[in-house]
Structures are given as C-alpha cells and as structure tokens.
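To keep things clear, I will list the structure first and then write my remarks on it.
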Amino acid sequence: MYLRTTTRKRGDKIYQSLHIVESYRTKEGKVRQRILVNFGSASQYSSEQIQEIIAGLKIFFKLEEAKPQESIPPTGSLDFGSIYTIFRLWEEMDWTQVFKKFLQGRQFEFDVIANLKVMVAKRLLDPMAKLHLLDWLEGVHLPGIDRQQVDYNHLLRSLDFLIEHKAELEPKLAWPILTLFDAPLDLVFYDLTSCYCEIERADKVRNPSSQSDKPTLQNYGYDRDHSGCPQVVLGLVMTKDGIPLCHQVFPGETTDKAIFRKVILDVKARFPVQRCVVVSDRGLLSQDNLAVLGEAQLDYIVARPLRHNLISRQAIQATAQDVQAQIKRWKSDGTPLEEQECFREVTLDGRRFVVAYKAEIARQTKKTRQRKLAVATEYIRGRLARLQNQETGLHMPGKTLTHPETLVHLHDYLKKRQLSRYYQLRLDQQGRVACDPDEENRRWELLIDGKLLLETTNKTLSPAEVVHQYKELQDIERCFRTLKSSLDIRPVYHWVDRRIRAHIFLCIMALQLHRLMRSRLLEAKIFTSPERALEKLALQRTVQAEIDGKNFEGLIPPTPEQLDLFKALGVPTPHHQNLQDPMM
C-alpha cells in the first residue's frame, strides 16, 4: 500500500491527483494495482487541512503517538537479591530470636544482631578480611539494617559476644536447621582440619609473660595446608544430612587422637542424642578412642587400615573366599562391571567387621598399579645397567654414583611414588645393588584391590547400610573444602584467642546456611553451587533516582532464572517493601 500521484495536462494547466493504491496478484500470477482511496486533486488541500486529516486518522485508528518522556538518570545502584536471600534464611532459622534471648539485660549501644548478620552475609558473598567489610557495604543494600550501626569496633565487640555464649548458642543455632530435615539425630560424622594464621612466630615463642590475654592457640603442628605457618586445629561434627552440628578449636600442636574424647563427650552433653553412631576415618582409629565411644555408650563405624595390621588381615582373609566365589558368579552371569558390588561381614573376637568389594574400583586400581610398576621397573633396570656400564669403563653422562648411592637413590625414587612395598632393594654380598619384586606384598595388594574394611559396634545395620553410612563421611570433606575455599576461613588474621574462636564460629554459621542452600538446590534439581546461585541473585539490584528534588528507590524485576532460584531456596520473590524489611 502506497501513495501515488497521477499527472495530467490540459492545455497550459497541469493537474495532479492523489490516490492510495494497493498492489495485488491475479489468479494468473500477474501483479496489478487498484485504487483504494481517491483524494482527487492534490492542489485543493492546504497544509493545515492535510495535518487535520492525518490527526483525524491517528485518532480514529488509535495511533496517537505518546509524548516522549524525559529520561531520568539513576543516581545509584546496589546489590540486593543475594543479601536479601541470606537475610530471609537467617530469619527462617529464627536466629534473630535466639540472639535476642542472650541479649536480654545486656546494654549494648549498637545493634549486635545486625553486625553478626552482616558478617555472616559477607562471609558467604565476599569472604575477605573484616577490615574490608566497610568498603564492601558501599555496594550492597542492607534491608532492615541501619548502616550507621555497623563499624569496625562494633564488629569486633559482636564477635566477643558471639564467642562468650558459644556453648549455649551452638545447639540453639543448629537445632532450627536440623528440624527442617525431619530426621533423627542418630548419626554424626567427625573429622579434623587445620587453619593457618598470618603471624611470624608461634604463640609459645612470641608471648610476653606479662600479657593478660595471652594467645595460646597459634602454634606449629601437623600442617595439613603445607603453609609453614602457625596454625589452629578445628574439629567439626556434622549430621548425616551434611549440616554442621558443632565444632571445637584447639592449639595447633594438638594431635588428632588427643582431642577425640573431649569432642565426643561434648556432643553427648549438649545435643539430644539418644542413639548415635559416630563415623570417622582410619586416622582416628585407636583402642583409646574406641574406648571413649564405649564409655559414652555410642556406636561407631570406623575404617580399618588394610596393610600392616594383623586383625585387618584376618578379616580380609576370612571373607576372601566368599568374595572370589561372588566374582565367579558375576562372570558366569555376565553381570556388567559397574553393577559388581558385594558386602560381606565377619566377627572376630566379638568385633564386627564389614568388607565391601567393588569390581570397577578393583580393575582401575590394578590397572594403575601395573602401569606405575612398569615405569618403575624400567627405571630401576636403567639405573642398574648404568652401574654395570660404569664398571666396564664406559663413559656415562651425568654424575657417577656408587652402588650404595644408587641404592639410596632408588629407595627415594620408590618412596616418592609410594611403590616401596612392591620391591626388595638391598646390597648383595659383593656390595652390588640387587632388586627383586616383593611377591608377598604384590599378592596382598591384588587381594585388597577394590576393598574397604570397616569395623562397627552397631548390630542392627546391614553390611550395605554400614558401608553407605561410612561413605557419607566424604560430605564432611566437602565442608572443609567449602570452609577453606568459598568461605576463606584461613588465613586467620586475628591474634587474640577469643577472636580466633569467634572468627571460626562465624564461618561455621555461614557454612550452615551454605549447606542448607546446597541441599535445597539439589532437591529442586538445580545443579549449581550456592556460590554461583548467590552471584546470579546479586544481579537483581536496587536503583536510586532523584525526581523533582525527591529521592526514590526501586527494585529491578527478577529474571526467570532468578525466580527459579528464589523458589528453590524457599525464599519469596522480593518486592518493593522488602527494601526496608526483608520479612514483609
């Protein structure tokens, strides 16, 4: 559809007619035009009449153009969606009410709960030193919190209040999360890690005797982080649903087994544990520690070492024939490798042992071992050939080693690759290096491939259930990784013991919310980490603008992805009223 003019000449005069013309295609496929509207002579219309016709057509067909609005530049924008989510979860856990009970009768001139809430939120969103917190606040919106209440001195005094009531606070903070999972507290996991500190000398070295609040925690011990710095030791107790229950902080030189009794008795005293099975790894296995569990009337599931342990060897040998028979049945039935898993149990001297075997792991372990042994054997042969060539007078590149030096070198080579048990290295009667395969150890390794040996005092769980509950211990390792990576629990920058303990307590609180978010995301089949989810939610921001001298604040609508995350985390979609109060 278009405008077309037709020009005609009559005598000395030229006439123009104006038409609205439409093109169309005939049945024969030819293009033709037809006149829809004939305006007649174009000269009969003035410019004002043309404007009136255009305006009338726009009104009739409702094509009136809206008057362009003047754009209003924003004066600011702050992160909102992520911190709103954390504050909602905080209130869902009823943590504010828990702290209020402990603040009754205390005369603080600032908002302690606001400072604690902000520190936990920052630990989840931007885990840096607390000195950085005030800078971080400039980029986030804090619904329901007066920013003037948060400063560095208030943060430190809030930490002091937190650690002052740790023993009473821990069960009350953990209990609301435990009730969400509606599962009995009948299984706990326990493990240790260390956190290094940014100080030059250990507390035992640098402390002046006159210091009243003398630090004692930061000392050298078993360095799990290989930092070379003084450290503290953290013991963490976790439920079978992956929720941190409680923790203990010990001096850096404390050994694993020395603190086991204290932690277990502490759990028994402070938490409503009726029937409890303690699950731990083989690092804490000792008769003293098992006796502690017996005194506390707690069942346990612990992993047994598969090497250099007489009772472990007896348990493996006692079940070996049954496992081999099962392997033969799998082969005759054509059972797929990934489905070849079995569980056997045996009682020795009144102690219950469970052996788990998985064929796929056994195959991979054997394949990896054979590859490493092939490389090591070839290397040993090369070194022995080098010695022989040196003795015959051939010049060899590199440093010339004697037989004793070569023996030490090969010992170090095998030890570094954890292959020493597969070889017998020695100097023979002539003082030459001799190397033979250790056939006994190789047969034993072949026998234990793909096997896990557990000891338990529990009589009601089936062998498969015992193994399943032990394998859940890996969840506590995920907790430690989260503490050390996402939450940056170390390095610790505090010097005073109470601040170190408070810093760790704060990180555990953040971990509890992190695990709750992780559980809800997995339940909603959203396979993203809490860190990534909070990053996406932070993109929902507030917008500030000034109109006619007045300041206004608004909220960017959430995207479909953010709506899904809010729903998965059990958090209502935020609206404008939440800018002032997250619970409105």
Within segment 447-505, track down each residue that is of a type in the set (Gly, Ala, Ser) and under 30 Å from LEU306 (Cβ atoms). GLY450, SER462, ALA464
Candidate set: segment 216-228, residues that are over 25 Å from HIS165 (Cβ atoms) and of a type in the set (S, T, N, Q); chosen: the one modelled with the lowest pLDDT: SER227
Can you tell me which residue within segment 300-323, out of those that are polar (S, T, N, Q) and surrounded by 12 or more Cβ atoms within 10 Å (Cβ to Cβ), is modelled with the lowest pLDDT? ASN309
Collect the residues in segment 229-240 that are at pLDDT 85 or above and not in a strand (DSSP E or B), keeping them in residue-number order. CYS229, PRO230
Of all residues in segment 418-430, which are surrounded by 14 or more Cβ atoms within 10 Å (Cβ to Cβ) and touching a helix residue (DSSP H, G or I) at 6+ places or on another chain (Cβ under 7 Å)? LEU419, SER420, ARG421, TYR422, TYR423, LEU425
For segment 94-138, give me every one of the helices (runs of 4 or more DSSP H) that falls completely inside it and has 1 or more residues that are farther than 20 Å from PRO171 by Cβ. 112-125, 133-136
Given the residues PHE161, PHE189, which is the only one that is modelled with pLDDT of 95 or more and over 30 Å from GLN544 (Cα atoms)? PHE161
For segment 83-110 the number of residues that are farther than 17 Å from MET509 by Cβ and either surrounded by 15 or more Cβ atoms within 10 Å (Cβ to Cβ) or outside the structural domain of LEU521 (by TED's automatic domain parsing) (or both) is 2
Does LEU401 count as assigned to a loop (DSSP other than H, G, I, E, B), assigned by TED's automatic domain parsing to the domain that holds THR365 and surrounded by 13 or more Cβ atoms within 10 Å (Cβ to Cβ)? yes
Within segment 342-374, the count of residues that are outside any helix (DSSP H, G or I) and out of contact with any helix residue (DSSP H, G or I) (no Cβ under 7 Å at 6 or more places or on another chain) comes to 6
Of everything in segment 182-193, what is surrounded by 15 or more Cβ atoms within 10 Å (Cβ to Cβ) and over 16 Å from LEU511 (Cα atoms)? Give them in sequence order. LEU185, LEU187, VAL188
In segment 165-187, how many are in a helix (DSSP H, G or I), in contact (Cβ under 8 Å) with a residue 40 or more places away in the chain and not hydrophobic (A, V, I, L, M, F, W, C)? 6
Looking at segment 353-368, is at least one residue of a type in the set (Val, Ile, Thr), touching a strand residue (DSSP E or B) at 6+ places or on another chain (Cβ under 6 Å) and within 30 Å of TRP330 (Cα to Cα)? yes
Qualifying positions in segment 415-462 - more than 22 Å from GLN364 (Cβ to Cβ) and among the aliphatic types (A, V, I, L, M): LEU425, LEU427, VAL433, ALA434, LEU461
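The values are calculated or read from the model by the stated rules, or taken from the named source; none is laboratory data. None of the values given here were measured: they were computed from a predicted structure. Here the Cβ is made from the backbone with ideal geometry for all residues, glycine too, and neighbour counts use every protein chain on show.
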